[in-house]
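Below is one structure; the comments refer to it alone.
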Amino acid sequence: MDDKVTVELVPAWTTWPLRQEVLRPGRAVRDCIYPGEDDPRAAHGAALRRTAKTGGEFTVCAVGVVLPEAPDWEPEAEDGWRLRGMATRPDSRREGLGSWILDLLIGHVAAHGGGLLWCNARTPALHLYERADFVARGEVFDLPEIGPHQVMWRSVAPR
């Protein structure tokens, strides 16, 4: 195969169409824009696939965002970071792209002083977070129109 996949930080808008397609199908793209995404400390990651056939054009295959936000259980945490919008195209799953995005975003948190990184993980993806040293907090809960989730968290050391 002559595909080349790179994982890189991208502008926020690059991530929105895939988040809408995978996480909020049938909803408007604006429903996939999160509060705090415009914070200058936020980071948006994407796995981009380029092929010789497309002449250098790319397909966004996986995305994620991390932004400063304290968790509900520790609202005074000044070093809180929230991971959101992790999504992979169905035809790109099982290639490790989600792990690459997660590594990129954990590295961003580390480069910005580290801290408490947390997310509301969809239950089918728990293994992704567990492999990255996240641990569960509390019980599985249901987000209406979205499905079952588990709060996951980990500490990230500063770099």
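The values are calculated or read from the model by the stated rules, or taken from the named source; none is laboratory data. Just so we're clear, the structure is a prediction, and the values are computed from it rather than from any experiment. So basically every Cβ, Gly included, is an ideal-geometry build from the backbone, and we count neighbours across all protein chains shown. Ligands, DNA and RNA are excluded from the accessible area calculation, which covers all protein heavy atoms including side chains. Shrake-Rupley method; radii C 1.70, N 1.55, O 1.52, S 1.80 Å.
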Legend entry - Whole-Å distance, taken between Cα centres, linking segment 12-89 and segment 92-112: 12 Å
Inset, instruction - Identify which of the listed values of Kirkwood radius over Cα pairs in Å was calculated from the structure shown: (1) 16.1; (2) 16.6; (3) 15.6. - result: (1)
Legend entry - Qualifying GluC sites (Glu not before Pro) in segment 1-92, DSSP loop, other Cβ atoms within 10 Å at most 14: E57, E76, E78
Inset, instruction - Could you run the Karplus curve 6.51 cos²θ - 1.76 cosθ + 1.60 with θ = phi - 60° over segment 21-32 and give me ³J(HN,Hα) per residue in whole Hz, x for Gly and Pro? - result: 4, 8, 8, 9, x, x, 9, 6, 4, 4, 6, 9
Inset, instruction - Would you please report the Å³ per residue occupied by the convex hull of the alpha carbon atoms in segment 1-88? - result: 112 Å³
Inset, instruction - Can you send over the solvent-accessible area of H112, 1.4 Å probe, protein chains only, in Å² to the nearest 10? - result: 90 Å²
Inset, instruction - For the chain, set up a Gaussian network in which alpha carbons nearer than 10 Å are linked by springs, and say which option among R30, R82, R122 fluctuates the most. - result: R30
Legend entry - ³J(HN,Hα) computed for each position of segment 144-157 - Karplus, 6.51 cos²θ - 1.76 cosθ + 1.60, integer Hz, glycine/proline x: x, 6, 10, x, x, 9, 9, 5, 10, 8, 7, 8, 10, 6
Inset, instruction - Rank C61, C32, C119 by mean-square fluctuation in a GNM of the chain with C-alpha springs under 10 angstrom and give only the top-ranked residue. - result: C32
Legend entry - Vicinal HN-Hα couplings computed from phi for segment 119-135 (Karplus, 6.51 cos²θ - 1.76 cosθ + 1.60; Hz; Gly/Pro x): 7, 9, 8, 5, 4, x, 9, 4, 4, 4, 6, 4, 5, 9, 6, 7, 10
